[in-house]
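The structure under discussion appears below in the form of structure tokens.
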Protein chains: 2
Amino acid sequence: MSAAPRPAAGPAPRIGIFDSGVGGLTVQRAILAALPGADTLYLGDTARVPYGTKSAETVTQYSLRNARFLLEAGIDLLVVACNTASAVALPALRDALPVPVLGVVEPGARAAAAATRGGRIGVIGTPGTVASGAYQAALRAARPGAEVVAQACPLFVPLAEEGWTDPADEVVRGVARRYLAPLREAGVDTLVLGCTHYPLLKAAIAAELPGVALVDSAEVVAAEVAGRLGAAGAAAGGQGVHRFFVTDAPARFLAVAGRFLGRAVEAAEHVDV
Amino acid sequence: MSAAPRPAAGPAPRIGIFDSGVGGLTVQRAILAALPGADTLYLGDTARVPYGTKSAETVTQYSLRNARFLLEAGIDLLVVACNTASAVALPALRDALPVPVLGVVEPGARAAAAATRGGRIGVIGTPGTVASGAYQAALRAARPGAEVVAQACPLFVPLAEEGWTDPADEVVRGVARRYLAPLREAGVDTLVLGCTHYPLLKAAIAAELPGVALVDSAEVVAAEVAGRLGAAGAAAGGQGVHRFFVTDAPARFLAVAGRFLGRAVEAAEHVDV
């Protein structure tokens with residue numbers, strides 16, 4: 001009996017990922033769990049982080065520069081691993097790029113719409129993401145009649161970057177309680193973590209909202225990337241080659257990247273985009 | 001009896017001030033208290049805020065762009081109202097500009113050296129300011145033999161911008177206690193507020209460090225500006241003309257500017273620098 005022919009392993013697909021900083025590594029982590037053989041190019045715009053407090057025009061301009069850099073480096077698909085950029089810049093990116101562009105907002109909204117029992121859905125994010133209304137619109141499109149409560153949580157990002165994430169920590173608990181009180185009072189049954197830093201605070205958020213389903217867009221996006229790349233992604237059997245680029249000096253990025261990616265990041269290249 | 005001749009009121013001096021964002025308005029506030037008739041041009045680099053987590057090279061590049069913009073708009077003197085930029089970019093700015101350039105680090109250090117009784121001086125600031133070592137060096141130069149304890153307080157800026165500054169607030173108290181514990185344990189008798197956002201947290205900081213002299217660089221810099229402009233500054237008898245420029249959309253700047261400047265800011269112009 002002869003072995004069935006294996007599909008020829010073509011070159012591994014190259015996935016471009018950008019974020020304003022280090023947070024998008026939680027999305028890359030989920031993508032690598034789904035597609036361990038994929039090659040990735042990650043760009044963290046650390047010279048201009050954060051995007052969440054900036055205007056839609058400025059974030060769109062930066063997003064286009066990031067995307068063009070990754071496109072010139074050669075990618076088959078772009079993941080916008082930044083909620084703020086996904087919320088405001090996706091149409092401009094899709095117009096400008098000849099490869100598929102996936103954001104994190106729509107997949108997160110669809111997953112929340114599937115998870116909710118009663119149709120009361122909360123979303124937390126940066127001021128920019130919340131002000132854009134993108135999650136609110138995507139949730140209402142995915143689940144007509146949904147009641148959506150949105151809350152900006154500007155202190156969550158610096159808490160995650162400080163490594164202050166323990167739910168027993170009085171500061172962490174105090175900040176989480178204050179931001180999440182309106183969601184608790186509204187009786188949401190599902191909450192979208194609308195910022196790539198927030199998965200690090202998942203335990204503290206869950207402690208304030210017992211029984212609420214927490215939706216982490218990263219996992220949904222990873223499944224969607226795997227679906228798009230299909231056979232090419234599955235056939236890539238290697239370890240994958242991963243390159244990291246940052247727009248500020250790499251030291252600070254390297255100091256915290258491992259905590260977000262869940263594996264060591266040994267080098268990042270400084271680029272101007 | 002004829003009136004003594006008044007010195008002719010020449011044109012009011014024009015003071016350029018830049019910061020990474022809104023914090024430098026606490027410096028402008030002190031300058032206007034000292035020189036009410038001066039004209040000011042304020043540039044907040046809100047598209048690239050914050051500087052405090054970025055590398056010295058990136059901060060220097062942004063500072064030079066900001067300074068050139070103000071120079072072209074016509075200024076007699078430049079105040080770098082950002083501790084991070086003062087800590088890392090002052091030599092480059094002084095080389096590049098044909099007008100006097102004042103930072104906030106050296107005046108703050110001199111004031112602390114004058115205020116300390118026992119020579120144990122603390123300084124708090126952004127990670128960038130603390131990592132630069134600029135305050136530590138300036139303090140040791142101003143007071144040879146001084147024992148200097150430096151502490152980065154990354155959550156203080158978002159606390160001030162959220163308006164969470166009440167010393168009775170449990171989150172404010174918890175964050176202040178954690179950051180200031182090493183300074184309390186070291187027994188500092190004087191503390192430099194090495195970030196322009198921190199004066200808004202002065203009461204919370206004082207509550208954790210009773211009996212410690214708090215040095216706000218803004219007031220020292222204002223006195224130095226008044227000294228440099230001398231007669232021209234004193235003779236300007238009008239109300240002063242104040243223009244505000246920002247590199248991101250003005251809405252967010254305008255929403256918080258009044259709290260930092262201590263008077264209404266009605267308009268800001270969006271510029272690319």
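Read-outs throughout are calculated quantities, based only on the coordinates presented, and are distinct from any laboratory measurement. Computed from a prediction, not measured in an experiment: that's the story for all the values here. Don't worry about glycine lacking a Cβ; one is built from the backbone with ideal geometry, like all the others, and counts go over all protein chains shown.
Could you compute the net charge surrounding B:Gly119? Neighbours are other residues with a C-beta less than 12 Å from the C-beta of B:Gly119; K and R count +1, D and E count -1.
Numbers: positive: B:Arg117, B:Arg120, B:Arg140, B:Arg143; negative: B:Glu147, B:Asp189.
My count for the surroundings of B:Gly119 gives +2.
Given N residues in the range A:105-217, what is its alpha carbon radius of gyration divided by 2.2 N^0.38 Å? Please report the intermediate quantities before stating the final value.
Values: Rg = 12.9 Å, N = 113, 2.2 N^0.38 = 13.3 Å.
Against the compact-globule rule of thumb, the ratio is 0.97.
To one decimal in nm, how far is A:Asp95 from the same spot in the other copies, if labels go 7 Å from Cα toward Cβ? Please give the shortest first.
The projected label point of A:Asp95 is separated from its counterparts by 4.2 nm.
Could you work out the helix-only [θ] at 222 nm for chain B, with each DSSP H run of four or more residues adding -39,500 (n - 2.57) and the total divided by the number of residues, to the nearest 500 deg cm²/dmol?
My calculation for chain B gives -14500 deg cm²/dmol from helical runs alone.
Peptide A:160-170: average number of partner chain Cβ atoms within 10 Å per residue? Before the final figure, lay out the partial values.
On the way: counts 0, 4, 5, 0, 4, 0, 0, 0, 0, 2, 7.
Counting other chains' Cβ atoms within 10 Å and averaging over A:160-170 gives 2.
In Å, what is the Rg of the alpha-carbon atoms in chain A, and how long is Dmax?
Radius of gyration, then largest Cα-Cα span, for chain A: 18.5, 67 Å.
Classify the range A:174-264: rounded, prolate or oblate, from the alpha-carbon gyration tensor (a ≥ b ≥ c, eigenvalue square roots; a/c under 1.5 rounded; otherwise prolate if a/b is larger than b/c)?
oblate
Tell me which of B:Ala67, B:Cys153, A:His242 sits at the most positive position along the dipole axis of the protein assembly as shown, charges placed on C-beta atoms (Lys, Arg +1; Asp, Glu -1).
B:Cys153
Determine the dipole magnitude for chain B: charges of +1 sit on the beta-carbon of Lys and Arg, -1 on that of Asp and Glu, nothing else is charged, the reference point is the Cα centre, and the result goes in debye to the nearest 20.
Here the size comes out at about 480 debye.
Between copies, how far apart are the B:Ala267 label points? List them in nm, one decimal, shortest first, with each point 7 Å from Cα toward Cβ, please?
With the label placed 7 Å along Cα→Cβ, B:Ala267 yields 5.3 nm.
Just want to confirm a number: the relative contact order over chain B, from Cα pairs under 8 angstrom separated by 6+ residues, in percent.
Working: 560 pairs, mean separation 76.5, N = 273.
So the answer I get is 28 percent.
What is the range A:193-273's relative contact order, in percent, from Cα pairs under 8 angstrom and six or more apart in sequence?
With pairs under 8 Å counted, the relative contact order is 23 percent.
Between B:Val79, B:Val241, B:Val49, where does the largest GNM mean-square fluctuation fall for chain B, given springs only between Cα atoms within less than 10 Å?
Residue with maximal mean-square fluctuation among B:Val79, B:Val241, B:Val49: B:Val241.
Calculate, in nm to one decimal, what B:Arg94 and B:Arg184 gain on full extension: separation in residues at 0.36 nm each, minus their alpha carbon distance.
Length difference between fully extended and current span is 28.8 nm.
On alpha carbon coordinates alone, what is the Rg over Rh value for the protein assembly as shown, Rh being the Kirkwood radius?
Ratio of gyration radius to Kirkwood radius: 1.02.
Place the label 7 angstrom along Cα→C-beta at A:Val241 and in each other copy, then list the distances from the first to the rest in nm, shortest first.
When each copy's label point is compared with this one, the spacings are 5.9 nm.
Viscosity 0.890 mPa s, temperature 25 °C: Stokes-Einstein D of the range B:20-170 from its Kirkwood Cα radius, in µm² per second? Show your work: numbers first, answer last.
Numbers: Rh = 16.4 Å.
Rounded to a whole number, D works out at 149 µm²/s.
Tally Lys/Arg at +1 and Asp/Glu at -1 over every other residue whose Cβ is under 12 Å from the Cβ of B:Pro36; what's the total?
+1
On full extension of the chain, what length is gained from A:Asp272 through A:Ala207, given 0.36 nm per residue of separation minus the C-alpha to C-alpha distance?
Numbers: separation 65, 0.36 × 65 = 23.40 nm, distance 4.13 nm.
Length difference between fully extended and current span is 19.3 nm.
Grab the Cα-Cα distance for A:Ala33 and A:Arg117, subtract it from 0.36 nm times how many residues apart they are, and report the gain in nm with one decimal. Could you put the intermediate results ahead of the total?
On the way: separation 84, 0.36 × 84 = 30.24 nm, distance 2.83 nm.
Here the segment from A:Ala33 to A:Arg117 would lengthen by 27.4 nm.
Just to confirm a number: summing +1 for Lys and Arg and -1 for Asp and Glu over residues other than B:Glu161 whose beta-carbon lies under 12 angstrom from that of B:Glu161, what do you get?
Taking every Cβ under 12 Å from that of B:Glu161, the sum is +1.
Normalised by the number of residues in the range A:105-217, what is the relative contact order in percent for Cα pairs under 8 Å and 6+ residues apart?
Averaging sequence separation for qualifying contacts and normalising by length gives 35 percent for the range A:105-217.
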